[in-house]
Amino acid sequence: MSRFFVVGGAGFIGSHLVDRLVDVGEVTVFDDLSIGKRAFIAGHLASGRATLVEGDARELAPLESSVAGHDVVFHLAANPEARWGLDNPRLDLEQGTIATWNVVEAMRRNGLRKLVFSSSGTMYGDTDEVCAEGDLGKLPISLYGASKYAGEALISAYAECFDLQAWIFRFGNIVGPRGTHGAALDFLNKLAKTPDELEVLGDGTQAKPYIFVDDCVDGILFGLEHASDRLNVYNLAPPDFTSVRRIAELCIAHSPNPNATIRYTGGDRGWPGDVPQSRMDGSKLAALGWKPSRTSDEAVSAAVKALATEVFSGR
Ligand SMILES: NC(=O)c1ccc[n+]([C@@H]2O[C@H](COP(=O)([O-])OP(=O)(O)OC[C@H]3O[C@@H](n4cnc5c(N)ncnc54)[C@H](O)[C@@H]3O)[C@@H](O)[C@H]2O)c1
């Protein structure tokens, strides 16, 4: 039995990860519940298979005291929405860069070695090239992406200087039940308020690789088990992609008014810092032996169906 510590484990991806980890070990969830919900992990708390430490990763002390004695640390806490950095430019510095430093420093002080980090395809900046793990010719263009870049650099430095072993996964866009943010949830929430018209930021041609949350967790656990370098960096994304227009149409089809119209605000991107065309090369993880079970379109379809049930029938 391993002891797992999941920072951000009450959130969307974190709670799905916890669903898997409780089958193979003891789980401590560290979360400030700013976005995540106790309800997402309530069953595991009730059964005693997981415990919750309510704490803020922007502070070192609570992490340092609660991470002691664990075998693997998963760090998933972050500002989840890249565009929120536009209104609060300190947000990603604190929720991203400083929180990540706190996690690795708390591990160092406790002599812990194994870290899994949730990074992002936003690392690759504004390019429609299909990006592999070695491609960082374009720097991030969002504060969120910048904080992931800084987090990866800190982890690399801790790996070299303090013998940390890390698995960094650069996610595409993750979708599925219990989603806390993202285009599909945004559209469904808008349709719940204005059933006849859906406002979509940009011109709808933005297109990104989407991966279902079960596949995301599966890929993380596969990579953790099968990659053994000191620093293991993997894209976790399907080879294909889905347009915002397609997501909007699917959301309308699953809404109470399937005849709702779409109003595009225009422009090639949703907001400053948004990468309109994102393409990620998942062949490194495929060479290790893992591929997602769903295409991007299949992941989005399944997620919209699940989220529509949550939004229109109440969570
Ligand atoms: N969802 C995606 O499409 C996607 C894509 C790329 C990368 N990621 C990364 O994956 C990770 C998980 O994302 P998610 O979609 O599950 O988001 P989420 O917001 O649902 O989960 C993050 C969790 O961290 C918690 N948290 C935030 N700040 C905290 C703090 N200071 N202290 C303690 N807890 C804190 C939140 O309450 C939440 O439960 C994040 O690091 C995110 O940047 C997500």
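The values are calculated or read from the model by the stated rules, or taken from the named source; none is laboratory data. Fair warning: this is a prediction, and the values are worked out from it, not measured in the lab. Counting neighbours? That spans all protein chains shown, and the Cβs are built from the backbone with ideal geometry, glycine included.
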Between a first residue in the range 152-163 that is free of Cβ contacts under 8 Å to residues at least 60 places away in the same chain and a second residue that is charged (D, E, K, R), which pairs have beta carbons less than 6 Å apart while being 6 or more apart in sequence or on different chains?
F162/R108
Please determine, by comparing only the residues of the range 15-30 that are crowded, with 18+ Cβ neighbours inside 10 Å and either outside the structural domain of V73 (by TED's automatic domain parsing) or part of a strand (DSSP E or B) (or both), which one is farthest from the ligand (Cβ to nearest atom).
E26
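Conditions tested, residue by residue: (1) surrounded by fewer than 20 Cβ atoms within 10 Å (Cβ to Cβ); (2) more than 14 Å from the ligand (Cβ to nearest atom); (3) at pLDDT 95 or above; (4) more than 21 Å from G151 (Cα to Cα).
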site	(1), (2), (3), (4)
M1	yes, yes, no, yes
F5	no, no, yes, no
I13	no, no, yes, no
K37	yes, no, yes, yes
V53	yes, no, yes, yes
D56	yes, no, yes, no
Q95	no, no, yes, no
E105	yes, yes, yes, no
Those residues that are surrounded by 18 or more Cβ atoms within 10 Å (Cβ to Cβ) and over 18 Å from A308 (Cα atoms), I need them from the range 183-213; list them, please.
L201, G202, G204, Q206, A207, K208, P209
Run down V175, V200, V217, V233 and say which single residue is over 26 Å from G151 (Cα atoms) and β-branched (V, I, T).
V200
Does D240 satisfy the criteria of being acidic (D, E) and in contact with a strand residue (DSSP E or B) (Cβ under 8 Å, 6 or more places away or on another chain)?
no
Can you find a residue that is in contact (Cβ under 8 Å) with a residue 60 or more places away in the chain and in a helix (DSSP H, G or I) anywhere in the range 54-65?
no
